[in-house]
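Participant: Sending over a structure as structure tokens; questions will come in a sec.
All of the numbers you see were taken from the coordinates with simple rules; none came from a lab. Remember, it's a predicted structure, so these values are computed and weren't measured experimentally. Here the Cβ is made from the backbone with ideal geometry for all residues, glycine too, and neighbour counts use every protein chain on show.
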Amino acid sequence: MTDQTPDLAPCPFCGGKAIHQGASIRCNNFGCNASILPRWTKNVVGPAKGIPGLGFNLAAADTRRRWNARAALTSAPEAQPAAAPTSETVTPEQQLARDILNELVRARAKFPGKNVTFAALVEEVGELATATIEESAERVRKEAVQVAVMAIRMFLDGDHCFDSWRAEKGLDHLDPAKRALSGGRDG
């Protein structure tokens with residue numbers, strides 16, 4: 001089920017029309033198809049316990065708020081990464097590395113702090129798979145950059161969702177700052 005909602009900001013990546021798809025939101029431009037998934041966490045839908053339909057409405061409202069906040073950040077000039085210096089002898093590998101670094105800087109500015117990094121990585125891998133089967137080579141490249149960025153963020157930022165589970169297993173923290181404080185190993 002999709003329905004068009006006038007209270008959604010345009011896509012922060014291509015400026016296309018955003019639509020609801022259930023509690024998710026996606027860009028309706030098939031060349032872009034950016035999306036954001038709902039959070040079904042206790043913090044978001046917990047107040048709806050026992051009230052039919054309210055959890056969905058709370059998740060959809062939270063998703064809409066996050067989509068519009070992301071769009072507002074992307075449109076701000078200070079949110080745009082500085083262009084990497086160019087050279088006539090830049091190899092394809094160097095350009096790809098620059099693109100990954102630029103996207104990493106942009107993503108960390110846009111989504112700072114605690115994130116569900118692993119879930120985002122898995123989502124990006126799924127989008128890469130879809131692009132590989134159904135879309136242009138340029139779209140595959142863009143999705144591959146996103147996968148690389150999320151994999152790097154998994155190492156640089158960790159994922160707080162696994163803290164207690166890893167502690168129960170006797171494993172070190174994924175968050176480098178917490179790992180440094182606990183004297184944990186790196187790898």
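Participant: Going highest first, how would you order 46-55, 91-100, 155-164 by mean Cβ packing within 10 Å?
Facilitator: 155-164, 91-100, 46-55
Participant: Give the cross-link partners of residue 114 among the aspartates and glutamates, using a straight C-alpha distance below 20 Å as the criterion and excluding same-chain residues fewer than 8 apart.
Facilitator: Within the straight-line cut-off, residue 114 pairs with 62, 103, 123, 124, 157, 159, 163, 172, 175, 186.
Participant: First select every other residue whose beta carbon is under 10 angstrom from the beta carbon of residue 99; then total the charges, Lys and Arg +1, Asp and Glu -1.
Facilitator: On the way: positive: 98, 141, 142; negative: 103.
Local net charge: +2.
Participant: Over all distinct alpha-carbon pairs, what is the Kirkwood Rh of the range 86-187 in angstrom?
Facilitator: Values: mean 1/r = 0.0659 Å⁻¹.
Averaging 1/r across every pair of different Cα atoms and inverting gives 15.2 Å.
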